[in-house]
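Heads up: the structure comes next, in structure tokens.
The values are calculated or read from the model by the stated rules, or taken from the named source; none is laboratory data. If you're wondering where the values come from, they're calculated on a predicted model, not measured in any experiment. Cβ atoms come from the backbone with ideal geometry, glycine included; neighbour counts cover every protein chain shown.
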């Protein structure tokens, strides 16, 4: 996980949130993000917001314009590597770009969960990444990204994106894609095969000609 890429996300949103978490082993675990996603900080001494500002060259004037909080990790989210009831989701085959932002639609048993694709950029090894959906005790949904068996990101889904207008635009796009596919199939049928094949021998014949 690249901490500089996490800082880039925080700079983009203007929000730095540093979380302390007690995993129960006598040590404090720290996570950082912009409030919509959080990533574990490893291999560094205990940090505070002054350390963060020094690490990422955030001067006093810039700091005044940003939201910077240091507190406990949200108690309704599970940051452990394993969580009861978590469900792995398929690697999304489609990305959705809507109003200039890129989203990943994750299929679950209860419908689609959307996350911002940018929140996967800090992860080192996307090839071995897996995404899991977890639920809070109140029934809320969130996503964790794992490399191997270890959680490398906790990501909140995008709320309010899936609306009537959004669905209508997707339906229009689907209909256009279907028309294009049917048109393509019709053209292929009109053109006919490039070669003729002798059905008894499997020998390829030149179109309209004799076998060689």
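Observations
- Of all residues making up segment 13-34, the number that are surrounded by fewer than 18 Cβ atoms within 10 Å (Cβ to Cβ) and either in contact with a helix residue (DSSP H, G or I) (Cβ under 7 Å, 6 or more places away or on another chain) or in contact (Cβ under 8 Å) with a residue 24 or more places away in the chain (or both): 5
- Just one of the numbered conditions (1) modelled with pLDDT under 95; (2) within 16 Å of the chain's Cα centre (by Cα); (3) surrounded by 10 or more Cβ atoms within 10 Å (Cβ to Cβ) is not true of residue 39: (1).
- Screening residue 54 against (1) out of contact with any helix residue (DSSP H, G or I) (no Cβ under 6 Å at 6 or more places or on another chain); (2) in contact (Cβ under 8 Å) with a residue 40 or more places away in the chain; (3) at negative phi leaves a single unmet condition, (2).
- Evaluation of residue 94 against the conditions (1) at pLDDT below 95; (2) farther than 21 Å from residue 145 by Cβ shows that the sole unmet condition is (2).
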